[in-house]
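Values in this text are rule-based calculations from the coordinates and carry no lab data. Computed from a prediction, not measured in an experiment: that's the story for all the values here. Note that we place each Cβ from the backbone using ideal geometry, even for glycine, and neighbour counts take in every protein chain shown.
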Amino acid sequence: MSDVYIVGVDMIKFGRFPEQTVPQLGAKAALMALDDAGLTIQDMQALYCGNLGQASGMVGQRILQQIGQTGIPVVNCANACATGATAFREGWMSIKAGLYDLVLAVGVEQMGRGLLGGGAPAQGIPSEGLLGSGTMPSVFAEAGLEHSSKYGTTFEQFAKVSVKNHHHATTNDKAMYQIETPLEDVMNSEMISYPNTKLMCSVNVDGSAAAVLASEKTVKELGLGNRAVKVRASVLTSDPWQERDLVLPDVNTCTRNAAKAAYEMAGVGPDDIDLVELHDCFATAEILHYENLGLCGDGEAGRLIDEGEVALGGRIPVNVSGGLLSKGHPLGATGIANMYEISKHLRGEAGARQVEGARLGMTHVIGLGSACGIHILEKGA
């Protein structure tokens, strides 16, 4: 089976674009990624598109209507917050299987405002209010408090995650927000669901990101190796059944299972990873995922944030892009946007936020429902 490489990758600046359609947003990122690779849509043999809000709308085909209808196969997918990573992985698998040598993966979303989740089902007994809250801030607040109960993690430690990620975003011109948020501001902002304040919640934004994937043979034939990023591992998991799922959603197990599989596939361990873009949908989530990804032992996540190990310049920088808390979280685009950030560092093109000497990076997304996508990327030779 061929190794697979990212030979082109880009994303639009995340924000709010009510005057544009979802296909228009996706087309922008697609053309940017193709330009980055020095290729055109005529070179692509398949398109994999991730979008959650218009999953039945054949978004991939509508993107081709914007940039060129070449008759290639199009696969549209929706997989909660792992949607973009899933589209990318479908493209990766098609090359691994020997079906294609060049494919395009696009993730795109146009978001509304307000809380996600918590809607009552059309039939049956609604869980909202009976088994706690199904809104995402509350689910991850509950998970954070569970961690606090076990390990003594404090409100201040959770808040420091937001301070760090907003600081990182000040050097990312593609982030929705590029502002400092001092600790006092984070802790004193509007309480959404304790311990998550408003500044500890990810930003609902519009956005798109895209990647061009190529087989090793094609990378050599086209002379693309100098900026190519190797995909060392691509893993997708869902939750195994547990009794706790009946009451409290498990936001940890599918990530732990995916991380274990990804490290095994790549033949590396957590200590080999130079930087991580993980799913900080809420500040509490980032703390949990330090441990879920094996960046530290259980109960040590609070120490990592206190001692600056996960900040730029630290032992294992996390969310140098600003993360979902500051860059923004357009559901279908996030997975590929994370790969854009890691690729920039592996290419040495990240500017002021460059993680020096980066050779291996990890991306992670999780969608409750459940789906977890993890990719390990390696600097090209």
Partnerless Cys - the chain, beta-carbon criterion under 4.7 Å: Cys49, Cys77, Cys81, Cys201, Cys281, Cys296
Hz values of 3J(HN,Hα) by residue in region 86-92 - Karplus curve (6.51, -1.76, 1.60), Gly and Pro given as x: 5, 4, 4, 5, 4, x, 4
Karplus 3J(HN,Hα) series, Hz, for region 71-82 with 6.51 cos²θ - 1.76 cosθ + 1.60 (x for Gly, Pro): x, 6, x, 10, 10, 9, 9, 9, 8, 6, 5, 8
Spatially proximal aspartates and glutamates relative to Lys217 (Cα-Cα < 15 Å; intrachain offsets below 8 disregarded): Asp3, Asp43, Asp101
Eligible lysines near Lys198 by straight Cα distance, threshold 27 Å, same-chain separation 8 or greater: Lys13, Lys150, Lys160, Lys164, Lys174, Lys327
Estimated vicinal HN-Hα couplings, Hz - region 285-301 in sequence order (Karplus 6.51, -1.76, 1.60; Gly, Pro = x): 5, 4, 4, 4, 6, 3, 7, 4, 8, x, 6, 7, x, 4, x, 9, 4
Virtual spin-label span in nm between Gln61 and Trp241, 7 Å along Cα→Cβ: 3.7 nm
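Write down the percent of antiparallel bridges among all DSSP beta bridges whose residues are both part of the chain, to the nearest 5. Don't jump to the answer; show the numbers that get you there.
Details: 38 of 51 bridges.
The antiparallel proportion sits near 75 percent.
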Extension gain (nm, one decimal) between Thr21 and Asp35, 0.36 nm per residue minus Cα-Cα: 2.9 nm
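Take the Cβ-Cβ distance between Thr70 and Ala352 as r, set R0 to 41 Å, and report the resulting FRET efficiency rounded to the nearest 0.05. Show your work: numbers first, answer last.
On the way: r = 39 Å, r/R0 = 0.94.
Efficiency, rounded to the nearest 0.05: 0.60.
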Sorted by Cβ density within 10 Å, fewest first, the residues Ile366, Ile6: Ile366, Ile6
Amide H contacts under 5 Å for Arg232, placed H, 5+ residues apart: Ile376, Leu377, Glu378
Cβ-based charge dipole, the chain, positive-most Cα from Ala80, Ile67, Leu346: Ile67
